[in-house]
Each structure stands twice: as structure tokens, then as C-alpha cells.
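Reading through the C-alpha cells given below for one structure.
The values are calculated or read from the model by the stated rules, or taken from the named source; none is laboratory data. Since the model is a prediction, treat every value here as computed from it, not as a measurement. Virtual Cβ from ideal backbone geometry, glycine too; neighbours counted across all protein chains shown. Surface areas here come from the heavy atoms of the whole protein model, side chains and all, with no ligands, DNA or RNA. Shrake-Rupley method; radii C 1.70, N 1.55, O 1.52, S 1.80 Å.
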Amino acid sequence: DLSLPFAKQPMFSLLSKYGNEDLSSLDLPGLENFAKSKSFALKEGMNYGQVLDKIFGEIVEPNLIEPIFVTDYPKAISPLAKEDRDGNQNIVERFELFISGMEFANAFSELNDPIEQRNRLESQAHLRELGDEEAQVVDENFLQAMEAGMPPTGGVGIGVDRLVMLLTQQKSIK
């Protein structure tokens with residue numbers, strides 16, 4: 001029902017609701033144990049963000065039928081986003097819109113601190129070296145623009161293909 005105001009829930013609240021356990025304080029081994037207890041197949045060498053995303057995809061996404069904004073993503077899976085304004089250093093200003101079990105939009109307030117951004121990109125580059133193909137690389141041109149005073153940015157990406165699928169009631173864009 002697209003006519004009602006959309007719900008809004010933090011990521012870890014949804015994980016707790018559908019996983020029947022608070023995952024917010026678990027480290028990588030704790031998340032791996034949780035995933036194994038649910039019989040989720042994990043690839044060798046997955047990092048914290050990858051395991052958390054796998055768990056979210058398995059236990060939460062299929063339940064997000066009515067439109068909902070998932071908020072308060074962990075910094076570990078959102079390296080370009082600004083930290084939470086309420087002071088939680090592990091959470092960033094990011095949301096994703098889900099409808100019918102699919103992500104439709106992704107948006108965040110872009111980090112504009114060049115020192116913090118360099119630290120995060122270097123951490124991402126290390127994850128990439130360890131095999132995480134989705135991890136970012138260190139972008140020196142981007143960092144140089146930030147250092148020169150690039151204004152704060154933000155944006156939203158909307159899956160037009162998924163919107164067409166929803167409106168035409170199709171399971172595939174094909």
C-alpha cells in the first residue's frame with residue numbers, strides 16, 4: 001500500500017525482531033555463530049559487514065512487504081556515509097527503502113571529513129585485498145577534492161527497474 005506513510009525502523013531493531021536475538025553488540029565470531037545456528041551458508045573469509053548483510057538478507061528482507069525505510073546502518077557496511085548525528089560512532093546516516101522484500105532506494109549523508117574518509121577508504125582497501133570485491137578503493141582524487149573544501153553532498157539511488165516490476169506486478173524485469 002503506497003498511500004500510507006511509510007514505516008521507519010533501525011536495521012538492528014529489524015534484525016532483533018526477525019532473528020529473535022539482539023545482534024547489535026556481536027562481533028564477527030558472534031555473527032558467524034548466529035548465522036551458523038540458522039544454517040545460513042557463509043563463504044570462507046567473509047568480513048563483519050558481509051556476514052551482517054547476509055543475515056539481514058536471509059531473515060529480514062523477505063519480511064519487508066509493506067514500504068519501510070530501514071535506517072541506522074552500521075558504519076562497517078556504509079563507508080562513505082556520515083556518522084549518526086546522535087553520537088553513535090558505529091551508526092551512519094543512511095536509509096534504504098524496501099517494498100515487497102526488495103530494496104528500492106538507497107541514500108545517505110555523505111561523509112565530508114577528509115581524514116575520516118581516508119581512514120575508512122584505507123580500511124575498505126584492506127578488505128578488498130582480503131577478497132571483498134564490493135569494498136571501496138582509495139580514491140585520491142576524491143580525497144583531494146574533500147581536502148580542498150568540497151561541500152557536503154548526499155543523494156539517493158532509486159531502482160527504476162524494481163519500481164516497474166512493482167507497478168506491473170512482475171517478479172523479474174525480463
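A few notes on this one:
- Pick from the stretch 24-66, criterion in a loop (DSSP other than H, G, I, E, B), open to solvent by 50 Å² or more (accessible area, probe 1.4 Å) and in contact with a strand residue (DSSP E or B) (Cβ under 9 Å, 6 or more places away or on another chain), ranking: nearest to PHE6 (Cα to Cα): GLU66
- Some residue of the stretch 82-102 being on the phi > 0 side of the Ramachandran plot and touching a residue at least 24 places away in the same chain (Cβ under 8 Å): yes
- Test for MET165: is it surrounded by 13 or more Cβ atoms within 10 Å (Cβ to Cβ) and closer than 20 Å to ASP113 by Cβ: no
- Which listed residue is at pLDDT 95 or above, touching a Leu at 6+ places or on another chain (Cβ under 9 Å) and not basic (Lys, Arg), from PRO79, PRO67, PRO62: PRO67
- Considered as a group, the residues in the stretch 69-91 that are under 15 Å from LYS8 (Cα atoms) and in contact with a helix residue (DSSP H, G or I) (Cβ under 8 Å, 6 or more places away or on another chain) include one that is surrounded by the most Cβ atoms within 10 Å (Cβ to Cβ), and that residue is TYR73.
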